[in-house]
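Notes to accompany the following structure.
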Amino acid sequence: MPQIKSAIKRVKTQAANRERNVAQMSALRTSVKKFKVAAASDADNKQDLYKAATRAIDMASSKGLIHKNKAGRDKSRLSALLAK
């Protein structure tokens, strides 16, 4: 455990940031998974789930959770699934 006041604050900040990042990544994965399941079963609401998944990908990319190239690749793969 750090002794210096600024180091103690930094540990707290890092823990809070990590919790937020983990939650956002989990929400991203959940929305993508919901769309993939709907696309596989040819559900009626797959267009709405596609919009939600691409929005989640864009949000994660803008916040730096995933790289912009990964975001583009993921969105491209999801649109290919939607077109099937």
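The values are calculated or read from the model by the stated rules, or taken from the named source; none is laboratory data. Worth saying up front: this structure is predicted, and the values here are computed from it rather than measured. Please note: Cβ atoms are built from the backbone with ideal geometry, for glycine as well, and neighbour counts cover all protein chains shown.
A few notes on this one:
- Residue match in segment 14-37 (condition: over 13 Å from the mean Cα position of the chain (by Cα) and hydroxyl-bearing (Ser, Thr, Tyr)): no
- Residue in segment 32-50 that is within 19 Å of residue 20 (Cα to Cα) and part of a helix (DSSP H, G or I) present: yes
- There is at least one residue in segment 16-32 that is within 18 Å of residue 80 (Cβ to Cβ) and not charged (D, E, K, R).
- Of the listed requirements (1) exposed (fewer than 11 other Cβ atoms within 10 Å of the Cβ); (2) part of a loop (DSSP other than H, G, I, E, B); (3) at pLDDT 95 or above, residue 65 misses just one: (1).
- Residue 73 vs. criteria surrounded by 12 or more Cβ atoms within 10 Å (Cβ to Cβ), free of Cβ contacts under 8 Å to residues at least 12 places away in the same chain, in a helix (DSSP H, G or I) and not hydroxyl-bearing (Ser, Thr, Tyr): yes
- Looking only at residues of segment 28-58 that are among the hydrophobic types (A, V, I, L, M, F, W, C) and under 18 Å from residue 72 (Cα atoms), we find that the one that is surrounded by the fewest Cβ atoms within 10 Å (Cβ to Cβ) is 52.
- Residue in segment 27-42 that is in contact with a helix residue (DSSP H, G or I) (Cβ under 6 Å, 6 or more places away or on another chain), of a type in the set (Gly, Ala, Ser) and without any contact (Cβ under 8 Å) to a residue 24 or more places away in the chain present: yes
- Some residue of segment 37-45 being at negative phi and in contact with a Pro (Cβ under 6 Å, 6 or more places away or on another chain): no
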